[in-house]
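**Q** Could you have a look at this structure, given as structure tokens, before my questions?
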Amino acid sequence: MRIIAPSYKRVKGVLTHLVLPEVSYAVHEFEADEYKAAGYQVIVIPDELKGNIARVRNWIKRMAWQEGEFVIIDDDIASFQYWQDSKAVKLVGDHAMEHIESMCIVAKDFGSPVFGVNPASDKGGYREYTPFSTTSYCSGSFHAFVLPTICEYDEDIPLKEDYDYTIQLCNIHRIMLRFNQYHLIKNDHGNVGGCADYRTMSREREQMGLFQRKWGRHIVREDTRSKGYDINPIIKIPIKGV
């Protein structure tokens with residue numbers, strides 16, 4: 001299984017190789033030599049794709065699927081963990097790959113072309129009596145592709161592409177499996193490069209509007225519980241599942 005992390009202007013900030021040494025960083029032509037010089041495994045992306053993470057993800061998806069199963073993961077993963085007896089157990093290297101490969105087998109048995117992990121990294125976000133979710137949001141920080149799918153990331157809403165992709169998979173395949181026991185610890189606060197280069201509040205609001213018009217306000221809702229404007233939508237997928 002290939003592990004691929006899109007990266008943009010972060011040669012000094014990437015971390016995922018410390019957790020998953022097999023990772024290849026997918027970087028644009030203009031900075032590929034810099035990543036190679038740092039000793040990283042590199043996949044070179046055409047420069048014309050930059051500025052739109054959904055476009056990058058689609059390029060990786062088409063390229064990687066030719067060789068079989070793969071994972072698209074963020075480049076700033078500080079730790080990959082799972083909950084056991086209320087304690088977070090860290091997974092690194094071969095041990096992590098064994099768990100990912102086991103999850104692939106389960107996802108295939110479920111008939112889920114893509115699977116993810118719990119977006120919540122605190123213990124309160126994991127309920128032991130709900131080990132799997134089938135219609136809940138799976139962050140683009142970890143999308144594993146194990147069966148063919150016609151679903152593509154929507155390049156018109158690259159700031160909401162993972163929320164949209166969850167809905168697409170549930171609409172077409174009636175499932176997007178999520179392993180709630182597993183989660184990621186990221187170093188994304190204050191990190192430069194990546195989507196931070198083009199993420200602004202005005203663009204967030206614009207894309208939320210596009211996202212709601214695409215699926216309807218009964219499926220895509222703004223989170224009004226927090227103070228100010230929350231850029232993370234709440235999605236309610238109207239099919240059977242958890």
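The values are calculated or read from the model by the stated rules, or taken from the named source; none is laboratory data. None of these values were measured; they are calculated from a predicted model. All Cβ positions, even for glycine, are placed from backbone atoms using ideal geometry, and neighbour counts span all protein chains on display.
**Q** Determine which member of the set Ala78, Ala64, Ala107, Ala120 is farther than 17 Å from Cys151 by Cα, in contact with a strand residue (DSSP E or B) (Cβ under 6 Å, 6 or more places away or on another chain) and at pLDDT 95 or above.
**A** Details: Ala64 fails: farther than 17 Å from Cys151 by Cα; Ala107 fails: farther than 17 Å from Cys151 by Cα; Ala120 fails: in contact with a strand residue (DSSP E or B) (Cβ under 6 Å, 6 or more places away or on another chain).
Answer to the check: Ala78.
**Q** For region 85-104, which residues satisfy the criterion of being more than 15 Å from Phe142 (Cα to Cα) and either in contact (Cβ under 8 Å) with a residue 12 or more places away in the chain or in contact with a strand residue (DSSP E or B) (Cβ under 7 Å, 6 or more places away or on another chain) (or both)?
**A** Within region 85-104, Ser86, Ala88, Val89, Lys90, Val92, Gly93 meet the criteria.
**Q** Could I ask something else about it? If I ask for residues that are under 21 Å from Pro158 (Cβ atoms), exposed (fewer than 14 other Cβ atoms within 10 Å of the Cβ) and either at pLDDT below 85 or not basic (Lys, Arg) (or both), which ones from region 211-231 would you list?
**A** Gly216, Asp223, Tyr229
**Q** Of the residues that sit in region 74-94 and are surrounded by 15 or more Cβ atoms within 10 Å (Cβ to Cβ) and over 19 Å from the mean Cα position of the chain (by Cα), which one is farthest from Arg127 (Cα to Cα)?
**A** Here the residue is Ala88.
**Q** May I ask you to verify whether Ile175 is under 26 Å from Arg62 (Cα atoms), at pLDDT 95 or above and either β-branched (Val, Ile, Thr) or in contact with a His (Cβ under 8 Å, 6 or more places away or on another chain) (or both)?
**A** Values: under 26 Å from Arg62 (Cα atoms): yes; at pLDDT 95 or above: yes; either β-branched (Val, Ile, Thr) or in contact with a His (Cβ under 8 Å, 6 or more places away or on another chain) (or both): yes.
So Ile175 passes the test.
**Q** Here's another thing I want to ask about it. What helices (runs of 4 or more DSSP H) completely inside region 10-73 contain at least 2 residues that are within 26 Å of His99 (Cβ to Cβ), in contact (Cβ under 8 Å) with a residue 24 or more places away in the chain and under 15 Å from the mean Cα position of the chain (by Cα)? Break it down stepwise before answering.
**A** Working: elements: 16-19, 29-37, 53-64.
By residue number, 53-64.
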